[in-house]
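The values are calculated or read from the model by the stated rules, or taken from the named source; none is laboratory data. Because the structure is a prediction, the values reported are computed rather than measured. Positions of Cβ are backbone-derived with ideal geometry, glycine not excepted, and every protein chain shown enters the neighbour counts.
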């Protein structure tokens, strides 16, 4: 038996919206829609992860819950009138559907006294549709998002409102939209994650604010109100929770001192191989320290007990592991060079998992695996015959994902989405017997051997208590397995669930790739004691607050939502909650990096007095440019064509990597492993450069080539052809040296580049400072061109 620490800890994640498909959550976890906004500081697991998917047909919904309109204190007519008064743009919109209740999320929210209103808006030849919801008992606005865009309601630079002025607009709106809450009961979140202006130089300027609601004078982050305001004062988006929960007393039995002392005493860190992710993909690995899960649980302010993320009171002790013995039947990858067919993949699934009667194989697709795009996988679906099945929002279904080359089952989900099975068996499946505690563990070992490659050498069983392994609510068993590499745990684990007869219910083998590239074990320069002391300094005081537990769907069970008064571990600097401590360097490393994410910016030491100082400072502030390790920006350095493309893409779309398709192919002569691949791919997709040419990313940028690239970015290629004989260029003393006179003429007329002493100097090399000036010139003409810049 191996003693260790639980690996399920994951830096705190703030879920600003529960309908965000790209966020990875604990296995099988789905939150109820609480009116469009749900904020939690307590969902923290990377161990059993799956993509949250609310797409139609992917998550079946239960039977409709029908609320009684007679109980509504705020009529649908009053709701429509209020919305039109709050959003003047709706005066020309029409309602297409109004219903009482919300059956479009799973689990269905307990509070069904909500008017859901669908709007239609016609703007020329374009039609827009969006939803709003209003509390039928209080008349409070719950959510709305104004999605329509027109030249009249898009606010570009320079903004008419500062961020502070926009904040006042947001507060004034809340007083009209939510009459049941006083402004004195709202706290503006000071985290840059929750409150920021539009963090891109280009496009409409918007300010987003998040307010924590005070309940009985205690902060309740789960009741956050989120407001987005554009730069002319229009409210673009509004969200608040719709569920109605009971709040315990605000008088804590456990004192702040006792909670802080308990937390510090219990805090523990573990050494793990930790994947470094950038835009959803593993790009590197670090041997580092991070807190173990149980030591980061909230402390119940009334009982002093720890509360897990599932809302239970687990024992607080180091986790132990057991070996996974290899069984006779274990996974062996296919050796055939011919990929599996969909039918062959389905057969492999049915050899391990039971597909319920009435479900037929009805859908398949071959596509790159989202964790490793170089890996092709079959996505399979078994659905009910809708002619014979009971009437539901979506039919019941089972789904699986299988590696098309090796035959490995990467995911399986029974997807029953029904009420929990009764402990008292209705019928016993033929040939199957009910599992005992001992036989259930052996079943888990048998299944993991058949499903996971090299399970006996790469995995260990996480030894949980019996009440964790058996889920009474859904009558299922679950077992967790920890991944190891060279004797050190990996910051990933997986969970397998099956019913009391051993039939597989859920399995996710999502594991980050590239770990095998670490040929040598990194040298430890930071001891565990040093790491523990470093983490203790990050959590000096716990925060007393109300926290929401439950209200989500996991392991075919819907947990009841409830509010608890807790002391919640909160770092001094919220940015560190996304970081881990590198055991080799002793530095903080961001584990989940998103391109364009605002962090601390280092002020350059070498731009003071530069003619482009203001432009360079702005680009540093927006993360377009970064300093070297010594704090220098080197503004007079000549840049390459690749440098320029990187600067302009990051200026226009900081989150450019999220626009890449899952299937990565070489583009414009750039290989998929090249660091600049995503930049070039983004430019090719927007036709800034041609895919059938080889982009010279290492070639030093000339002024003429910059003009050519700028012309494509502003989409004036045809105009530039027309201006090829323009007098502006032909009168220049160096006109004979300019090959693309039309592009140069276009850029001069737009004021993006200037002529000096009658010359354009087409072959002159461009410096970083000059490129920054051009970007700011481009920035200032947005909204004045016939099409959005960079789209």
Any chance residue 667 is farther than 22 Å from residue 705 by Cβ and either crowded, with 21+ Cβ neighbours inside 10 Å or in contact (Cβ under 8 Å) with a residue 24 or more places away in the chain (or both): no
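Here is a yes/no grid of residues against (1) under 30 Å from residue 314 (Cα atoms); (2) touching a strand residue (DSSP E or B) at 6+ places or on another chain (Cβ under 8 Å); (3) modelled with pLDDT under 95:
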site: 390; (1), (2), (3): no, no, yes
site: 401; (1), (2), (3): no, yes, no
site: 409; (1), (2), (3): no, yes, no
site: 424; (1), (2), (3): yes, no, yes
site: 450; (1), (2), (3): no, no, no
site: 469; (1), (2), (3): yes, yes, yes
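Residue by residue, here is whether (1) without any contact (Cβ under 8 Å) to a residue 12 or more places away in the chain; (2) farther than 24 Å from residue 156 by Cβ; (3) part of a helix (DSSP H, G or I) holds:
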position	(1), (2), (3)
691	no, yes, no
705	no, yes, yes
710	no, no, yes
724	no, yes, yes
743	no, yes, yes
774	no, no, yes
Flag for residue 120 being in a helix (DSSP H, G or I) and either modelled with pLDDT under 95 or surrounded by 21 or more Cβ atoms within 10 Å (Cβ to Cβ) (or both): no
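So in the stretch 296-320, with the set limited to residues that are within 29 Å of residue 514 (Cα to Cα) and surrounded by 20 or more Cβ atoms within 10 Å (Cβ to Cβ), which one is modelled with the highest pLDDT?
Of everything passing the filter in the stretch 296-320, 296 is modelled with the highest pLDDT.
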Subset of the stretch 64-88 (residues that are within 20 Å of residue 236 (Cα to Cα) and surrounded by 17 or more Cβ atoms within 10 Å (Cβ to Cβ)): 79, 80, 82, 83, 86, 87
Strands (runs of 3 or more DSSP E) enclosed by the stretch 209-305 - at least 1 residues per element that are closer than 24 Å to residue 571 by Cβ: 218-230, 269-278, 281-291, 298-300
Number of the exception - residue 237 against (1) buried (at least 18 other Cβ atoms within 10 Å of the Cβ); (2) under 23 Å from residue 479 (Cα atoms): (2)
Residue count, the stretch 336-353 (criterion: part of a loop (DSSP other than H, G, I, E, B) and surrounded by fewer than 19 Cβ atoms within 10 Å (Cβ to Cβ)): 5
